[in-house]
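The values are calculated or read from the model by the stated rules, or taken from the named source; none is laboratory data. Note that the structure is predicted; figures quoted are calculated from it, not measured. Because the Cβ atoms are built from the backbone with ideal geometry, glycine has one as well, and the counts that use them run over all protein chains shown.
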Amino acid sequence: MSSEINRIAVLTSGGDAPGMNAAIRAVVRTASHFDLHVYGVFEGYKGLIEGNFKRLESRDVANTILRGGTILKTARCEEFKTEEGRKKAYDSLMAYDIDGVIVIGGNGTYTGAKYFTEEYDIPFIGLPGTIDNDIYGTDFTIGFDTSINTAVEAIDKIRDTASSHNRLFFIEVMGRHAGFIALETGIASGAAATFLPETDWGIDELLKMLRNAAIRKKLFNIVVVAEGNKNGDAHTLAKLVHENLTNYETRVTTIGHLQRGGSPSAADRVLASRLGFEAVNALIDGIENKALGLVHNKLNRESFNNAITKKKSLDNRMVEILNILAM
Ligand code: ATP
């Protein structure tokens with residue numbers, strides 16, 4: 001081991017995501033393997049500012065791989081957006097003699113890491129922990145797979161009721177700016193239609209489909225709605241359909257925060273374990289200020305700036321699949 005890294009800190013920040021604990025566990029155990037000391041920082045950047053650190057050893061993360069949420073807790077911290085806040089965070093890191101920091105979070109967390117590392121000489125490594133899957137430089141984020149599995153499981157149950165009563169259900173899933181969750185939930189749940197923030201597909205097209213459904217003998221019962229789509233929320237869409245086609249009885253279900261919780265899927269646990277392991281190795285290898293991810297199942301490292309500013313787009317082929325299979 002050729003590094004001067006002896007003590008590292010790990011934190012989770014922004015919205016919690018299933019698999020964050022698996023990532024923390026991987027960091028702690030990989031670091032222990034290389035005889036590094038690990039400090040868990042509680043409540044994200046807030047804990048960094050307040051010096052809320054606790055030494056973590058391998059046994060401290062026992063039985064956490066299966067738990068949703070984050071054992072380190074998370075927070076939104078306005079103070080870290082200021083130079084004074086980041087100076088306090090630097091002082092805390094100095095007080096604990098920290099040589100490298102691993103942050104697990106989304107775009108906001110990476111933005112904080114970018115500013116901090118432009119001002120101070122302590123290397124940061126970022127891991128993509130967010131259910132939204134909207135981070136450039138990784139095919140999947142930690143938490144995304146669990147989140148879509150939760151949504152699909154809920155829709156499967158709703159479908160039983162929908163087809164028994166001949167009702168049209170509008171199911172709202174998360175995704176204010178990006179339709180990754182809605183796209184994959186729509187495909188996997190066999191939704192008859194899916195509203196995405198990225199496409200212009202709208203209410204007129206839906207009404208047309210519904211008018212044709214009877215002719216095509218199609219049972220039309222599930223519509224997936226990304227919260228950030230351009231046509232309004234699920235309630236608005238349900239109301240519009242009922243006003244235009246009074247023979248349709250509509251219902252709305254918002255999956256909401258159910259999508260954030262729960263035990264992580266095997267895929268999220270494996271992703272988190274791989275990236276947690278690679279994050280510690282990156283610090284040992286002297287790699288500084290990179291956001292890690294997997295692209296085509298291979299490790300990828302992006303600058304924080306790229307990860308924040310480059311847009312990860314929906315795969316057009318997947319959108320085509322979504323639409324064609326819904327016919
Ligand atoms: P999610 O995608 O789940 O919302 P996130 O990491 O994007 O996760 P945010 O709340 O946007 O969540 O950001 C987390 C924290 O990162 C913020 O509370 C703040 O402390 C820090 N942060 C966000 N933006 C900035 C910024 N412009 N400068 C410095 N720090 C920032």
Problem - All positions within segment 75-106 that are part of a loop (DSSP other than H, G, I, E, B), modelled with pLDDT of 95 or more and within 15 Å of the ligand (Cβ to nearest atom) - result: CYS77, THR82, GLY106
Exercise for the section: Kindly check whether there is at least one residue in segment 270-278 that is in a helix (DSSP H, G or I), surrounded by fewer than 19 Cβ atoms within 10 Å (Cβ to Cβ) and without any contact (Cβ under 8 Å) to a residue 60 or more places away in the chain. Expected result: yes
Handout entry: Of all residues in segment 206-235 being surrounded by 15 or more Cβ atoms within 10 Å (Cβ to Cβ) and not hydrophobic (A, V, I, L, M, F, W, C), the one that is nearest to VAL252 (Cα to Cα)
Key = ASP233
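Being more than 22 Å from the chain's Cα centre (by Cα) and either part of a loop (DSSP other than H, G, I, E, B) or crowded, with 18+ Cβ neighbours inside 10 Å (or both) is the filter here, so list the residues in segment 192-205 that pass it.
ALA192, ALA193, ASP200, TRP201, GLY202, listed by residue number.
Which residue out of ASN323, ASN300 is modelled with pLDDT of 95 or more and not in a loop (DSSP other than H, G, I, E, B)? First the steps, then the outcome.
Numbers: ASN323 fails: modelled with pLDDT of 95 or more.
Among ASN323, ASN300, only ASN300 is modelled with pLDDT of 95 or more and not in a loop (DSSP other than H, G, I, E, B).
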Completion exercise
Screening ASN21, ASN52 for residues that are crowded, with 22+ Cβ neighbours inside 10 Å and either under 22 Å from the mean Cα position of the chain (by Cα) or within 16 Å of the ligand (Cβ to nearest atom) (or both) leaves only ASN21
Practice task
Given the conditions (1) in contact (Cβ under 8 Å) with a residue 12 or more places away in the chain; (2) in contact with a strand residue (DSSP E or B) (Cβ under 9 Å, 6 or more places away or on another chain); (3) not in a loop (DSSP other than H, G, I, E, B), report the number of the one that THR161 does not fulfil.
Solution key: (1)
